Amino acid sequence: VAKPLHIGHLRSAIIGECLKRMGRFFGNEVIADVHLGDWGLQMGLIIEELRERNPELVYFKKDFDGEYPKEATFTLNDLEEIYPAASKKSKVDEDFKQRAQEATLELQKGYKPYRAIWQHIMDLSVEDLKKNYGSLLVDFDLWKGESDADPYIPDLIKDLEDRKIARVSEGALVVDICVEGDKKELPPCIIRKSDGAALYATSDLGTLVEREKLYSPDEYIYIADKRQELHYTQFFRVARIAGIVPNNHELKYIGFGTINGKDGKPLKTRDGGVVRLEAVINDIADEVFEKIKQSRDISDEEARNTAKIVGLAAIKYADLSNQAAKDYIFDIDRFTSFKGNTGPYIQYTVVRIRSILDKFLAEKGLTKDELDSFFADKKLVKAATVSERELELVIAKFSDMISLAAAEYAPHKICAYIYEAANCFSAFYHENHILTEQDEARKYSLLKLSYITEKIIVRCLDLLGIDAPERM
């Protein structure tokens, strides 16, 4: 919180959204939690920077005993500038860093003025996060953070000490996690630092205590950068050793690779800073807008609306079509191409099928709502062309494919499937005279095959978190 989403937040959001949708497709109850970083030193840094800039604010008056303002005295734009400035200052000013650490501790102890500032930061940040995640078609059921785990940590630490699961090492409290069969020695999990501070592992364990108490799920799925693998191995093992999570509740970590620039290194701005997610989405949409305007004579408004849908598909499909653990190169030209294995190409296939069906509806005087009932009693006749047979075989694979993709937490398998389906339909479209076929039974069969293909591709796109526009 207190800073904008950047390119590093993209993969966890869209992979997680896809896994959530796949889980629900199979009838599971899936609870999505954003898990905000809202409780660490960053809060103390912001508080201390605010004090230096505006010492006259009521939060910093020792004798103030009134009500604190309901609205923040700063904006999200202020926070976006304050946090980096404070972070930079803490690296060169030891006294400032010490005061920020003290402010963090006071906040965590419940000091009322700092809690009021924290609440303002949360209100501003969460509102903005919901807007930005919403633009990605990503949503969460829970907006909890590290702060929600805090009440569980004292009892957690006491229990680990009382049962001799944790031991003191060089002043820190640690849990040994190595087990027989490990291929390499794993360092102990630090639960509490020598200065008394809790760490990510501590709050993650506290979060597991809370989740077991409130939800007791059969399975946990964590989606994070693969470079954090050791962290997940450590606190998962502590959770098992301490019995926080029973053995029949699965703990699953899905580590994803980085989004790299054409130099093969994690994507950065020209001046070396992080790339804002909002800027990425806008750049892609602008690129698609230009391509649409060059190829079609439509209004700017329609082109912009379509570009937003297609641009988002370009970003999501480019990401999800890769195995999660793999890094990939961010390439706007390739992502936004209307040819090849891209989101826009898949969407174009849907639009092409809808165009055929629209012409048929107009010919028959039917509405879209009547298509299901119209095709219900129409039979698929024996395939007369190779492409027709191939398309039928692809359609027949849907059930097995989606079951496998869900079982393996593998969105890329859905992408591979719909790319194959789109290519098969393209060949089918060119080889068969769908609307001008003279044999009525065969014409209805070709149309029904087109209709089923559209429904399956749209269903798959929905599982990926991608919409299909009506026109392109």
Within segment 174-189, residues surrounded by 13 or more Cβ atoms within 10 Å (Cβ to Cβ) and in contact with an Asp or Glu (Cβ under 7 Å, 6 or more places away or on another chain) come out as PRO188
Would you pick out the residues in segment 325-374 that are open to solvent by less than 60 Å² (accessible area, probe 1.4 Å) and of a type in the set (Asp, Glu)?
ASP331
Kindly indicate whether LEU205 is over 30 Å from ALA318 (Cβ atoms), hydrophobic (A, V, I, L, M, F, W, C), open to solvent by 30 Å² or more (accessible area, probe 1.4 Å) and assigned to a helix (DSSP H, G or I).
no
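For every residue, the table says whether it meets (1) touching a Cys at 6+ places or on another chain (Cβ under 8 Å); (2) open to solvent by 40 Å² or more (accessible area, probe 1.4 Å); (3) touching a residue at least 40 places away in the same chain (Cβ under 8 Å).
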{"residue": "TYR215", "(1), (2), (3)": "no, yes, yes"}
{"residue": "ARG237", "(1), (2), (3)": "yes, yes, yes"}
{"residue": "GLY255", "(1), (2), (3)": "no, no, yes"}
{"residue": "THR258", "(1), (2), (3)": "no, no, yes"}
{"residue": "ASP263", "(1), (2), (3)": "no, yes, no"}
{"residue": "ARG276", "(1), (2), (3)": "no, yes, yes"}
{"residue": "VAL280", "(1), (2), (3)": "no, no, yes"}
Restricting attention to segment 124-173, which residues are open to solvent by 80 Å² or more (accessible area, probe 1.4 Å), assigned to a helix (DSSP H, G or I) and of a type in the set (Asp, Glu)?
GLU127, ASP155, ASP162
For the structure I just gave you, tell me whether ILE298 is outside any helix (DSSP H, G or I) and more than 20 Å from LYS131 (Cα to Cα).
yes
Residue list for segment 252-291, restricted to those being more than 17 Å from THR336 (Cβ to Cβ), at pLDDT 90 or above and aliphatic (A, V, I, L, M)
ILE254
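Quick grid of which residues meet (1) open to solvent by 70 Å² or more (accessible area, probe 1.4 Å); (2) of a type in the set (A, V, I, L, M); (3) without any contact (Cβ under 8 Å) to a residue 24 or more places away in the chain:
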| residue | (1), (2), (3) |
| --- | --- |
| GLY16 | no, no, no |
| LEU45 | no, yes, no |
| PRO55 | yes, no, yes |
| PHE64 | no, no, no |
| ALA72 | no, yes, no |
| GLU81 | yes, no, yes |
Segment 435-453, residues that are in contact with a helix residue (DSSP H, G or I) (Cβ under 7 Å, 6 or more places away or on another chain) and either over 23 Å from LEU357 (Cβ atoms) or surrounded by fewer than 20 Cβ atoms within 10 Å (Cβ to Cβ) (or both)
LEU435, GLU437, LYS448, ILE452
Residues in segment 21-34: is at least one open to solvent by less than 20 Å² (accessible area, probe 1.4 Å), under 30 Å from TYR222 (Cβ atoms), at pLDDT below 90 and part of a loop (DSSP other than H, G, I, E, B)?
no
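Quick grid of which residues meet (1) modelled with pLDDT under 95; (2) over 15 Å from MET122 (Cβ atoms); (3) not in a helix (DSSP H, G or I):
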{"site": "TRP39", "(1), (2), (3)": "yes, no, yes"}
{"site": "GLN42", "(1), (2), (3)": "yes, no, no"}
{"site": "GLU49", "(1), (2), (3)": "no, yes, no"}
{"site": "ASP65", "(1), (2), (3)": "yes, yes, yes"}
{"site": "PRO69", "(1), (2), (3)": "yes, no, yes"}
{"site": "PHE74", "(1), (2), (3)": "yes, no, yes"}
{"site": "LEU79", "(1), (2), (3)": "yes, no, no"}
Taking segment 375-405 and the residues there that are touching a Cys at 6+ places or on another chain (Cβ under 7 Å) and hydrophobic (A, V, I, L, M, F, W, C), the one that is surrounded by the fewest Cβ atoms within 10 Å (Cβ to Cβ) would be VAL394
Do any helices (runs of 4 or more DSSP H) lying entirely in segment 382-431 carry at least 3 residues that are in contact (Cβ under 8 Å) with a residue 60 or more places away in the chain and farther than 21 Å from LYS252 by Cα, and which ones are they?
386-396, 411-431
For residues that are more than 14 Å from ILE117 (Cβ to Cβ) and either buried (at least 16 other Cβ atoms within 10 Å of the Cβ) or not aliphatic (A, V, I, L, M) (or both), tally how many sit in segment 83-94.
8
Would you check which residues across segment 108-123 are more than 20 Å from LEU76 (Cα to Cα), part of a helix (DSSP H, G or I) and open to solvent by less than 80 Å² (accessible area, probe 1.4 Å) and list them?
GLN108
Examine segment 406-419 for a residue that is modelled with pLDDT of 95 or more, open to solvent by 50 Å² or more (accessible area, probe 1.4 Å) and closer than 22 Å to SER355 by Cβ, and state whether such a residue exists.
yes
Do any residues in segment 95-110 that are closer than 15 Å to LYS193 by Cβ and modelled with pLDDT under 90 have Cβ atoms under 8 Å from those of residues that are aliphatic (A, V, I, L, M) and crowded, with 17+ Cβ neighbours inside 10 Å, where the two are at least six apart or on different chains, and which pairs are they?
none
I'd like the full set of residues that are modelled with pLDDT of 95 or more, among the hydrophobic types (A, V, I, L, M, F, W, C) and either on the phi > 0 side of the Ramachandran plot or under 32 Å from the mean Cα position of the chain (by Cα) (or both), limited to segment 332-390.
ILE346, VAL350, VAL351, ILE353
Can you pull out every residue in segment 264-295 that is among the small types (Gly, Ala, Ser) and in a helix (DSSP H, G or I)?
ALA279, ALA285, SER295
Just for segment 239-253: of the residues that are open to solvent by less than 50 Å² (accessible area, probe 1.4 Å) and not in a loop (DSSP other than H, G, I, E, B), which one is nearest to GLU161 (Cα to Cα)?
ALA239
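The values are calculated or read from the model by the stated rules, or taken from the named source; none is laboratory data. Here the structure is a predicted model, which means the values were calculated and not measured. Cβ atoms come from the backbone with ideal geometry, glycine included; neighbour counts cover every protein chain shown. These accessible areas exclude ligands, DNA and RNA; they are computed on the full protein's heavy atoms, side chains included. Shrake-Rupley method; radii C 1.70, N 1.55, O 1.52, S 1.80 Å.
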